[in-house]
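The values are calculated or read from the model by the stated rules, or taken from the named source; none is laboratory data. Note that the structure is a prediction, hence the values are computed from the model and not measured. Heads up, the Cβs are rebuilt from the backbone with ideal geometry, glycines too, and the neighbour counts pull from every protein chain shown. Accessible surface is based on the protein model in full, side chains and every heavy atom, while ligands, DNA and RNA are left aside. Shrake-Rupley method; radii C 1.70, N 1.55, O 1.52, S 1.80 Å.
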Amino acid sequence: MTTDAAVERGLNSQGESDAPIYRAAAALLRARRARGVLVDVGCGIGRFLEYASDLAADYIGVDVARHPGLSPDAAFHRADLDRDSISLPPASADIVAALETIEHLENPRAFCRELVRVLKPGGWLVLSTPNQLSVLSILCLIVKGRFVAFQDGSYPVHRTALLPVDLVRIAGECGLSEIELGFSFAGRIPLTGAHYPRTLSEMFPQSLSDNVVLVARKDA
């Protein structure tokens, strides 16, 4: 059952993330020749489809509430991801995306198991979350005792901070293979509103990217 608080948190997320996250996720999938039915979990306004339209033979959005910006033509399934199963049968998707979603939830392992359930054997999972090991986030932790994306103003919308190694461990625990981490190659410079040049972020991706992206395959 979807609660009013869950709907409010979902709508407060604004329904979209930064473009570099979508580009990084789509590039990782494209490099693996992933194609087919795309289930976008935590879809918001469905912006990921703009970056992955060549990968998606069909698109299904899943979220706690249908955002007004989501195309009326998009198939949509409502789910409170802290409480509900996704209302799709097992092995429904060739690609499951969960971009900037896992940090909003109480139980990341249960969530990942549900993502794997709807993924077809041989299909690909891609998910992202704020990068707690960026220079900006580590400095914020030292100064304020909180990761930068998990300060008081972000709570309870952002609830669960995960390190890159946590993502890898969870993916392995869920039976996924060919696990690889990528980064957004976009990072804010501390104490400024500016971003590092992309070429510099590519040289030091973990330190100079605001977001980490994991891609993994469900064994056939």
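General remarks:
- Ordering of 59-65, 124-130 by packing [mean C-beta count within 10 Å, highest first]: 124-130, 59-65
- Share antiparallel - DSSP beta bridges, the chain, percent rounded to 5: 40
- Using the Cβ-Cβ distance between R78 and A19 with R0 set to 22 Å, the FRET efficiency from 1/(1 + (r/R0)^6) comes to roughly 0.25.
- Accessible-area ranking of F185, F48, largest first, probe 1.4 Å: F185, F48
- For L163 and A57, the FRET efficiency from 1/(1 + (r/R0)^6), where r spans their Cβ atoms and R0 equals 30 Å, is about 0.30.
- V143-E180 FRET efficiency (beta carbon distance; Förster radius 45 Å; 0.05 resolution): 0.90
- Apportionment of accessible area to carbon and sulfur, the stretch 55-159, percent (1.4 Å): 55
- In this simple spin-label approximation, D219 and L133 carry label points 7 Å from Cα along the Cα→Cβ vector, and these lie 2.6 nm apart.
- Relative to one another, the C-alpha centroids of the stretch 31-70 and the stretch 140-171 are positioned 25 Å apart.
- Surface composition of the stretch 174-220: carbon and sulfur atoms hold 59% of the protein heavy-atom accessible area at a 1.4 Å probe.
- Among 189-195, 37-43, the peptide with the highest mean count of other Cβ atoms within 10 Å heads the list, and the full ranking is 37-43, 189-195.
- Dividing the mean sequence gap of close Cα pairs (under 8 Å, 6+ apart) by how many residues the chain holds gives a relative contact order of 20 percent.
- From helices alone, the chain scores -8500 deg cm²/dmol at 222 nm; the rule is -39500 (n - 2.57) for each run of n ≥ 4 DSSP H residues, then divide by the residue total.
- Normalised contact order of the stretch 138-211, rounded percent, pairs of Cα under 8 Å and 6 or more residues apart: 20
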